[in-house]
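Accompanying notes for the structure given below.
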Amino acid sequence: MDRRLADLLKLLELERLEINLFRGESRDIGSPQVFGGQVLGQALVAASATVEGRIVHSLHAYFLRPGDFNAPIVYDVDRSRDGLSFSSRRITAIQHGQQIFNMAASFQVPQQGVEHQLPMPQVPPPEDLRDMDTHQREMIPQIPEKLRRLFEHQRPFEFRPVRMPDYFKRENLEPIKHVWFRAVDRPPSDVALQRCLLAYVSDYHLLDTATLPHGVSWLRSDVRLASIDHAMWFHADVQVADWLLYSIDSPSASGARGFVRGSIFSRNGKLIASTAQEGLIRVLSPPDGAG
């Protein structure tokens, strides 16, 4: 297996300290704090380990404090309820004696029912698009030195945006983004693991979509972006090694916060999952004409 994906799978293997208590490691990906998708994925792994015969269908999380990647994270799972069809769990992530994250997740016995979905946007296929890693490596000489490690980090997922970002061009664009993505290798097909991996990768490309209409870039020293919350709904089973389309839009930005939502489609157009996120967008010195 590709070492990048193997390392992510190892990261999602939590140590069980007690029946509802787990401990996980972190990885330094070049960002100032632990990547939010890592905490989402690990928290979902912890919750899934306390449920049998049911699969996660939704989660709602809050990022409370920046995570320290030099210290372990402890996940405390509260078994809120086990009903006939649904189970509810509350997960608290703790570092240095403080809560850094909390999440509620709901699990359901597999059932059949009515079905409908909105259609997938019409976009070019991934074979016609350029890999984002290649693009970012070419830009490294222009990137501030303190951010270069983030661009040099080898991710366990491949991304191919329909529109490649230009981090140095101040354009006012529509708050819409389409990105094809897939794991760099094929992980085990376990349903719960696949959804934990999807939760991990769902934190990529979301919040900066809300900056597109304002001509600001997260690479600038006077721009602060930070996730506040993250919600996710799983509609169908997924194989993260197959190409998936992340279709993202931002309906609103106000009060120094940006709101974004995403739809994840399979290659054949099936809606796999939906996401929503609100985050801090603080511009200390807005460029001319920016809101």
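The values are calculated or read from the model by the stated rules, or taken from the named source; none is laboratory data. Since the structure is predicted, the reported quantities are computational estimates derived from the model, not experimental observations. When we count neighbours, we look across all protein chains shown, and the Cβ atoms used for this are built from the backbone with ideal geometry, even at glycine.
Looking at Val260, Val283, Val238, Val223, which one is over 15 Å from Leu118 (Cα atoms), modelled with pLDDT of 95 or more and surrounded by fewer than 21 Cβ atoms within 10 Å (Cβ to Cβ)?
On the way: Val260 fails: surrounded by fewer than 21 Cβ atoms within 10 Å (Cβ to Cβ); Val283 fails: modelled with pLDDT of 95 or more; Val223 fails: modelled with pLDDT of 95 or more.
Of the residues listed, the single one that is over 15 Å from Leu118 (Cα atoms), modelled with pLDDT of 95 or more and surrounded by fewer than 21 Cβ atoms within 10 Å (Cβ to Cβ) is Val238.
For Asp166, state whether it is charged (D, E, K, R), surrounded by fewer than 17 Cβ atoms within 10 Å (Cβ to Cβ) and over 22 Å from Val184 (Cα atoms).
Details: charged (D, E, K, R): yes; surrounded by fewer than 17 Cβ atoms within 10 Å (Cβ to Cβ): yes; over 22 Å from Val184 (Cα atoms): yes.
Judged against the criteria, Asp166 is a match.
Every residue in segment 98-116 that is surrounded by 14 or more Cβ atoms within 10 Å (Cβ to Cβ) and either of a type outside the set (Val, Ile, Thr) or assigned to a loop (DSSP other than H, G, I, E, B) (or both), please.
Keep residues of segment 98-116 that are surrounded by 14 or more Cβ atoms within 10 Å (Cβ to Cβ), which gives 100-108.
Matches in segment 98-116: Phe101, Asn102, Met103, Ala104, Ala105, Ser106, Phe107, Gln108.
For residues that are touching a residue at least 60 places away in the same chain (Cβ under 8 Å) and among the charged types (D, E, K, R), scanning just segment 187-220, find the one that is surrounded by the most Cβ atoms within 10 Å (Cβ to Cβ).
Arg195
If I go through segment 177-198 residue by residue, how many of them are among the charged types (D, E, K, R), in contact with a strand residue (DSSP E or B) (Cβ under 9 Å, 6 or more places away or on another chain) and either over 21 Å from Pro125 (Cβ atoms) or not in a strand (DSSP E or B) (or both)? Don't jump to the end; show me each part of the working.
Within segment 177-198, the first condition is being among the charged types (D, E, K, R), and the residues that meet it are 177, 182, 185-186, 190, 195.
Pick out the ones that are also in contact with a strand residue (DSSP E or B) (Cβ under 9 Å, 6 or more places away or on another chain) and you get 177, 182, 195.
Then keep just the ones that are either over 21 Å from Pro125 (Cβ atoms) or not in a strand (DSSP E or B) (or both); that gives 195.
Total satisfying the criteria: 1.
Quick one: how many residues across segment 24-52 are closer than 17 Å to Ser80 by Cβ and assigned to a loop (DSSP other than H, G, I, E, B)?
Of all residues in segment 24-52, those closer than 17 Å to Ser80 by Cβ come to 43-44, 46-52.
Checking the rest, the ones that are also assigned to a loop (DSSP other than H, G, I, E, B) come to 49-52.
The qualifying residues number 4.
Would you call His230 of a type outside the set (Lys, Arg), on the phi > 0 side of the Ramachandran plot and out of contact with any His (no Cβ under 6 Å at 6 or more places or on another chain)? Give the steps one after another, and end with the answer.
Values: of a type outside the set (Lys, Arg): yes; on the phi > 0 side of the Ramachandran plot: no; out of contact with any His (no Cβ under 6 Å at 6 or more places or on another chain): yes.
Answer is no for this residue.
Which residue is farthest from Gln194 (Cα to Cα), if the candidates are limited to segment 32-68 and must be buried (at least 22 other Cβ atoms within 10 Å of the Cβ) and among the β-branched types (Val, Ile, Thr)?
Val34
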